[in-house]
């Protein structure tokens, strides 16, 4: 039996670098490997906008490892994309040039709009085919993407410079959780999201989906607490905020189902998530898988299969 060529998508995000490999059988992707390095590169941006020496070195070491994995697995076609942190970094070009050599694949710094398109394609690729109008949100470390479309095509996309890591660092710098800090973070997120209310008018979609780590974190805590997690409601977000507030600070933040790597960014992420709900007039969002990497893999499939 002929095995289709192995494809690889690499997502160089603000919180982590990830690599996923596999092949398509018809419309279905079969994963063969997955690797993730939590680097929190976005937190290392210095006041002047440059990545620090340690962040550069850690990133390059990760890409060297990924390059070795690509060669060992005889990947036929690979695509590496970088998002918000490397869009911002003043020395991003230096990182990309050396990183591409170490990886053996040219790294593309994609725009927020491109990221939203990839994200939408990846999410709907794992949903049942439907004619419904779907709104998809991806709340990342330093940016949040929204996309609205039907079928596999997003017709309207936007990216906003706010995310779980950025907001946690900005409004909870000492790791202390207070009602006033939550209120300030929420109001600041509303300000950034103001254009979204005009770009994505309530009622222009049939169902809303939440992708990426913040949605996963919310669902995992809800499930571990014995609550339904087939959708995330505004009340769920408020309840989660209360649980975080009750912990007092990041050192004591222990919620059932909350993974250790998500502890440092959950407070800021919940503030942004609540602001998205209120800006768009959402009552609930369904958790979704897929997102950026799978969208990149679909683009490779279209080009090479």
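The values are calculated or read from the model by the stated rules, or taken from the named source; none is laboratory data. From a predicted model like this one, the values you see are computed outputs, not experimental measurements. Note: ideal-geometry Cβ built from the backbone for every residue, glycine included; neighbour counts use all protein chains shown.
Go through segment 188-214 and give me each residue that's touching a residue at least 12 places away in the same chain (Cβ under 8 Å) and part of a helix (DSSP H, G or I).
Scanning segment 188-214 gives 188, 189, 190, 192, 194, 195, 196, 197, 199, 212, 213, 214.
Within segment 13-35, is even one residue assigned to a loop (DSSP other than H, G, I, E, B) and free of Cβ contacts under 8 Å to residues at least 12 places away in the same chain?
yes
Has segment 158-169 got any residue that is touching a helix residue (DSSP H, G or I) at 6+ places or on another chain (Cβ under 6 Å), assigned to a loop (DSSP other than H, G, I, E, B) and modelled with pLDDT of 95 or more?
Within segment 158-169, one or more residues are touching a helix residue (DSSP H, G or I) at 6+ places or on another chain (Cβ under 6 Å), assigned to a loop (DSSP other than H, G, I, E, B) and modelled with pLDDT of 95 or more.
Scan segment 186-245 for residues that are on the phi > 0 side of the Ramachandran plot and touching a helix residue (DSSP H, G or I) at 6+ places or on another chain (Cβ under 6 Å) and jot them down.
Within segment 186-245, just 212 meets the criteria.
Can you say whether residue 50 is over 17 Å from residue 290 (Cβ atoms) and either surrounded by 12 or more Cβ atoms within 10 Å (Cβ to Cβ) or outside the structural domain of residue 89 (by TED's automatic domain parsing) (or both), as far as the supplied structure shows?
Yes; evaluated as a whole, the condition is true for this residue.
Listed here are the residues, each with its yes/no results for (1) outside the structural domain of residue 187 (by TED's automatic domain parsing); (2) closer than 22 Å to residue 83 by Cα; (3) touching a strand residue (DSSP E or B) at 6+ places or on another chain (Cβ under 8 Å); (4) assigned to a loop (DSSP other than H, G, I, E, B).
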residue: 261; (1), (2), (3), (4): no, yes, yes, no
residue: 264; (1), (2), (3), (4): no, yes, no, no
residue: 272; (1), (2), (3), (4): no, yes, yes, no
residue: 276; (1), (2), (3), (4): no, yes, yes, no
residue: 279; (1), (2), (3), (4): no, no, no, no
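Within segment 273-289, can one find any residue that is over 21 Å from residue 205 (Cβ atoms) and modelled with pLDDT of 95 or more?
No, the conditions are met nowhere in segment 273-289.
Quick test for you: out of 59, 26, pick the one residue that is surrounded by fewer than 21 Cβ atoms within 10 Å (Cβ to Cβ), more than 15 Å from the chain's Cα centre (by Cα) and in the same structural domain as residue 107 (by TED's automatic domain parsing).
One residue alone meets the criteria, 26.
Inside segment 83-122, can you point out the residues that are farther than 19 Å from residue 140 by Cβ, part of a loop (DSSP other than H, G, I, E, B), touching a residue at least 40 places away in the same chain (Cβ under 8 Å) and touching a strand residue (DSSP E or B) at 6+ places or on another chain (Cβ under 8 Å)?
91, 105, listed by residue number.
Before we move on, is residue 229 in the same structural domain as residue 147 (by TED's automatic domain parsing) and within 23 Å of residue 153 (Cα to Cα)?
For residue 229, the condition - in the same structural domain as residue 147 (by TED's automatic domain parsing) and within 23 Å of residue 153 (Cα to Cα) - is not met.
Going by what's in this entry, would residue 229 be described as surrounded by 16 or more Cβ atoms within 10 Å (Cβ to Cβ), part of a loop (DSSP other than H, G, I, E, B) and touching a strand residue (DSSP E or B) at 6+ places or on another chain (Cβ under 9 Å)?
Answer is yes for this residue.
Using the structure shown, decide if residue 247 is touching a residue at least 12 places away in the same chain (Cβ under 8 Å) and within 27 Å of residue 161 (Cβ to Cβ).
no
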